[in-house]
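The structure appears right after this line, and notes come after that.
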Amino acid sequence: MLKLKYLFENYDLAKKCLELYEYDKESVDEMIPQFRISSNAIYPFRARKDVNKICCLRLSPAEEKLISDVISEIRLIKWLIEKEFPAMRPVPMKSGEFTKRVHTEWGIFNVSCFEKVPGINLEDIDGTLQIVRGYGRTLGKLHALMKEYPYPQDRRNHKSLIEEIDNRLREYDAPESVKREFMYVKEGLEQLNISSTNYGVIHYDFEPDNVFYDVGTDTFSVIDFDDMIQCWYALDVVRAIDALDDVIEGPEFGLAEKNFLEGYQSVTPFIEEQMKSLPLMRRLVHLQEYATLLYVMSEPVDEKPDWMKQLVVKLTFKLKKLEESMTMMQLQRD
């Protein structure tokens, strides 16, 4: 998530950046209010030559993200598409470029664009075990391909992630219980085996809101690759498993994890060693979430609208729950 100060809509900025693309001007005022902002600002628009084709303008502040990371992300996505993986398709600018750093009166932004994928995200469907199995199979396909990806060095690795967490815990003066949890997880990761079968480029945010299901074609599509990182495949798996309650509920929920893993293993192996690492991966995810929340709320916004006040309450509550969970882990170890 971006810092709070970047969560405000900016239609003038979006319209300025849209001029880089072929777009339908008549529908702009209808489309861009359907924006969303989290780790990027996303403004939808209709293509000029085909108004039924919806594209998503993506803006990220240069302060938050490196243009080199956007370039490597698009390179990776284009490679996945060549391998027939159902990833969001990059849209070129009028110049033929796929990304550009743009200087504006509101600051410097990384600009890119992607076609809207078909279907509905998994958070918004009535999930079944068949869909859960397909969700797992899609992640398995992604990891199987990543074992062949020729440019893993383009993406940062888990050591960079650990360093980022450490720096943020120090900068924002996290409690001792969180710092002890960090040391425990760091030492645990140092003991893990790294091989071509268990470690490579992962999505890092393979959760239901980033996976879409098209009921008409019974197919899945994946979006939001900008956080991809070299890490253990098990981290993607545990994040997806922990989010299964957003996909399916009711009496079948107890079978969800089993079906997800069956789908995954139908494409690529997930061995006992990887299964045993899931609790440690979960703790790494919680630490990263905690450090990110500290960062997001590090710069106060003077005049918060009601929606932001509610968001801050929600984020503060989540921060507290993560802190309590880490303290409990410490007590159990002691």
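The values are calculated or read from the model by the stated rules, or taken from the named source; none is laboratory data. These figures come from a predicted structure and were not determined experimentally. Reconstructed Cβ throughout: ideal geometry from the backbone, glycine too, with neighbour counts over all protein chains shown. Ligands, DNA and RNA are stripped out before the accessible areas are found, and what is left, the full protein with its side chains, is counted by its heavy atoms. Shrake-Rupley method; radii C 1.70, N 1.55, O 1.52, S 1.80 Å.
Numbers at a glance
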quantity	calculated
Residue within segment 213-221 that is open to solvent by 40 Å² or more (accessible area, probe 1.4 Å), in contact with a helix residue (DSSP H, G or I) (Cβ under 6 Å, 6 or more places away or on another chain) and either part of a helix (DSSP H, G or I) or among the small types (Gly, Ala, Ser) (or both) present	no
Residues being more than 21 Å from the chain's Cα centre (by Cα) and over 25 Å from SER298 (Cβ atoms) - total across segment 152-196	10
First in segment 56-84 and polar (S, T, N, Q), second anywhere and open to solvent by less than 40 Å² (accessible area, probe 1.4 Å), Cβ under 6 Å, 6 or more apart	SER60/ASN40; SER60/ASN110
Residues satisfying the stated conditions in segment 22-67, i.e. part of a helix (DSSP H, G or I) and surrounded by 14 or more Cβ atoms within 10 Å (Cβ to Cβ)	SER27, VAL28, MET31, ILE32, ILE67
Total residues in segment 183-213, condition of a type outside the set (A, V, I, L, M, F, W, C) and in contact with a Ser or Thr (Cβ under 7 Å, 6 or more places away or on another chain)	0
Residues (under 20 Å from CYS55 (Cβ atoms), within 22 Å of the chain's Cα centre (by Cα) and not in a strand (DSSP E or B)) located in segment 94-127	PHE98, LYS116, VAL117, PRO118, GLY119
Residue count, segment 153-204 (criterion: assigned to a loop (DSSP other than H, G, I, E, B) and free of Cβ contacts under 8 Å to residues at least 60 places away in the same chain)	6
Residue in segment 167-178 that is buried (at least 20 other Cβ atoms within 10 Å of the Cβ) and touching a strand residue (DSSP E or B) at 6+ places or on another chain (Cβ under 8 Å) present	no
Residue that is nearest to the chain's Cα centre (by Cα), among those in segment 290-318 that are free of Cβ contacts under 8 Å to residues at least 60 places away in the same chain and more than 18 Å from LYS5 (Cβ to Cβ)	LYS318
Every pair of residues 6+ apart whose Cβ atoms lie under 6 Å, when the first sits in segment 86-100 and is among the small types (Gly, Ala, Ser) while the second is open to solvent by less than 60 Å² (accessible area, probe 1.4 Å)	ALA87/ILE77; ALA87/LEU80; ALA87/ILE81; ALA87/VAL222
Any hit, segment 132-147, residues being over 21 Å from the mean Cα position of the chain (by Cα), surrounded by fewer than 18 Cβ atoms within 10 Å (Cβ to Cβ) and either in a helix (DSSP H, G or I) or not β-branched (Val, Ile, Thr) (or both)	no
Residue match in segment 230-243 (condition: among the charged types (D, E, K, R), open to solvent by less than 60 Å² (accessible area, probe 1.4 Å) and over 22 Å from VAL296 (Cα atoms))	yes
All positions within segment 47-78 that are of a type in the set (Asp, Glu) and either over 17 Å from the mean Cα position of the chain (by Cα) or at pLDDT 95 or above (or both)	ASP50, GLU63, ASP69, GLU73
Leading residue by the ranking (least open to solvent (accessible area, probe 1.4 Å)) among those in segment 260-269 that are outside any helix (DSSP H, G or I) and in contact with a His (Cβ under 9 Å, 6 or more places away or on another chain)	THR268
Residue list for segment 281-325, filter: farther than 20 Å from PRO175 by Cα and either surrounded by 13 or more Cβ atoms within 10 Å (Cβ to Cβ) or of a type in the set (A, V, I, L, M) (or both)	MET281, VAL301, LYS304, MET308, LEU311
Given (1) open to solvent by 70 Å² or more (accessible area, probe 1.4 Å); (2) closer than 30 Å to ARG46 by Cβ; (3) in contact (Cβ under 8 Å) with a residue 24 or more places away in the chain, number of the condition ASN121 does not satisfy	(1)
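Residues checked against (1) basic (Lys, Arg); (2) out of contact with any helix residue (DSSP H, G or I) (no Cβ under 8 Å at 6 or more places or on another chain):
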position	(1), (2)
LYS141	yes, yes
TYR149	no, no
ARG155	yes, no
SER160	no, yes
GLU163	no, yes
ASP166	no, no
LEU169	no, no
VAL178	no, no
